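To keep things clear, I will list the structure first and then write my remarks on it.
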Amino acid sequence: MKVVYVDMCGDLLHYGHTRFLKKAKSLGDKLIVGIHSDETIESYKRTPVCTMKERIELVESVKWVDEVVKDAPLFITEDYIEKHNIDIIAVPANRTQEEIEKMCIIPYQKKMLEFVAYTEEISTSEIINRIKFRVENNLI
């Protein structure tokens, strides 16, 4: 059995997330999704809108997801790979070399990374900006 792993925030789950998860699942037999803690997410972006519990429940509901790991590490270690029997780590194709070296250097060196197309036209930040615009312009 080929195990694929992805990690994510999973905040305000949208079709870009589900497309990514579907593509990641197609790389193997089992898809494990690691969900970062609020503190981890705040270290590299913004405070999540949804709670950890809400984010986990949303991701668990996606039909391509076989398992969710709470409090996933930002830096993927050899021990983590072995603990979860991971064969492939799927990352968005828009991930920078700096991000790979920072978060995925061990899987990168082991040639475990698979780059998955990223849906450019949607993001959680885009959704938040739409809401802000509509509130500021009395459209909600």
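Could you sort the peptides 117-123, 56-62, 88-94 by per-residue average Cβ neighbour count (10 Å cutoff), highest mean leading?
On the way: 117-123: 12.6, 56-62: 16.1, 88-94: 18.6.
So the peptides 117-123, 56-62, 88-94, ranked by packing, come out 88-94, 56-62, 117-123.
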>> Leaving out ligands and nucleic acids, and using a 1.4 Å probe, what accessible area per residue does the stretch 1-88 come to in Å²?
In response: 51
>> Rounded to whole Å, give me the distance from the Cα center of the stretch 1-69 to that of the stretch 78-117.
In response: 15
> Assigning unit charges at the beta carbon (Lys, Arg +1; Asp, Glu -1) and nothing else, what dipole magnitude in debye, to the nearest 20, does the chain show about its Cα centre?
Replying inline: 420
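Add +1 for every Lys or Arg and -1 for every Asp or Glu among the other residues with Cβ under 14 Å from the Cβ of ASP38, and state the total. Please list the in-between numbers first.
On the way: positive: LYS45, ARG46, LYS53, ARG55, LYS70; negative: ASP11, GLU39, GLU42, GLU54, ASP71.
Neighbour charge sum, excluding ASP38 itself: 0.
Which pairs, out of LYS70/LYS111; LYS63/LYS110; LYS22/LYS111; LYS23/LYS83; LYS25/LYS132; LYS102/LYS132, put more than 27 Å between their alpha-carbon atoms? Working shown, then result.
Details: LYS70/LYS111 25 Å; LYS63/LYS110 29 Å; LYS22/LYS111 21 Å; LYS23/LYS83 23 Å; LYS25/LYS132 34 Å; LYS102/LYS132 32 Å.
Pairs exceeding 27 Å: LYS63/LYS110; LYS25/LYS132; LYS102/LYS132.
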>> Need one number: nm distance between label points at LYS110 and LYS83, each 7 Å from Cα along Cα→Cβ, rounded to one decimal.
In response: 1.3
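Averaging sequence separations of C-alpha pairs under 8 Å and six or more residues apart, then dividing by the length of the chain, give the relative contact order as a whole percent. Spell out each step's value before the answer.
Details: 207 pairs, mean separation 40.5, N = 140.
Reported relative contact order: 29 percent.
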> ILE127 versus GLU101, label points 7 Å from Cα toward the beta carbon: distance in nm?
Replying inline: 3.3
> What is the dipole size for the stretch 34-73, taken about its Cα centre, with +1 at each Lys and Arg Cβ and -1 at each Asp and Glu Cβ, in debye to the nearest 20?
Replying inline: 160
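Using a 1.4 Å probe over the heavy atoms of the protein chains, calculate the carbon and sulfur portion of the accessible area of the stretch 1-134 as a whole percent.
Numbers: 3690 of 7460 Å².
Accessible surface attributable to carbon and sulfur in the stretch 1-134 totals 49 percent.
The values are calculated or read from the model by the stated rules, or taken from the named source; none is laboratory data. Fair warning: this is a prediction, and the values are worked out from it, not measured in the lab. Quick reminder, even Gly has a Cβ in these numbers, built from the backbone with ideal geometry, and neighbours come from all protein chains shown. The protein model used for the area step is the full one, side chains on, heavy atoms only, and it has no ligands, DNA or RNA in it. Shrake-Rupley method; radii C 1.70, N 1.55, O 1.52, S 1.80 Å.
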